[in-house]
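Worksheet for the structure shown next.
The values are calculated or read from the model by the stated rules, or taken from the named source; none is laboratory data. It should be emphasised that the depicted structure is a prediction, and the values quoted were computed from it without experimental measurement. Every residue, glycine as well, gets a Cβ built from its backbone with ideal geometry; the counts of neighbours run over all protein chains shown. With ligands, DNA and RNA removed, areas are computed over all heavy atoms of the protein, side chains included. Shrake-Rupley method; radii C 1.70, N 1.55, O 1.52, S 1.80 Å.
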Amino acid sequence: MTCEIIFEPNALNAAARFLEEDPAGLAEVLDAIDELAQDPRPVASTPYGLDIRRLRVDDYRVLYIESEIIRILVTHLGRTAWLGDLRHAENAGVVPPRRVL
């Protein structure tokens, strides 16, 4: 089974920003999204409501809708707060304090 993958404009805009900041990380995310065409429910994905699934790839998250028409609509692409903050702080030469969970 092969699916069609469609990106919403907000997801494309986020990808363009991440391309400048972290091209290697974005490439990993886009590879994972491409794999959704073959397996729209990989082990690494989790349900996020009725029709939405969430996929984490390193310190990125992808929200997508798996439809019955065999299309995957990527609705959101973002970074998790802690790992993204840490990466930017390290690049700036500052290490933020560890969070206590």
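Here Met1 fulfils each of the conditions (1) at pLDDT 90 or above; (2) part of a loop (DSSP other than H, G, I, E, B) apart from (1). With respect to (1) under 12 Å from the mean Cα position of the chain (by Cα); (2) farther than 16 Å from Glu8 by Cα; (3) open to solvent by less than 60 Å² (accessible area, probe 1.4 Å), the lone exception for Val29 is condition (2). Just one of the numbered conditions (1) farther than 15 Å from Val74 by Cβ; (2) touching a Lys or Arg at 6+ places or on another chain (Cβ under 6 Å); (3) not aliphatic (A, V, I, L, M) is not true of Glu21: (2).
Each residue in the range 45-91 was checked for being modelled with pLDDT of 90 or more, surrounded by fewer than 16 Cβ atoms within 10 Å (Cβ to Cβ) and within 25 Å of Glu21 (Cα to Cα), and 2 pass.
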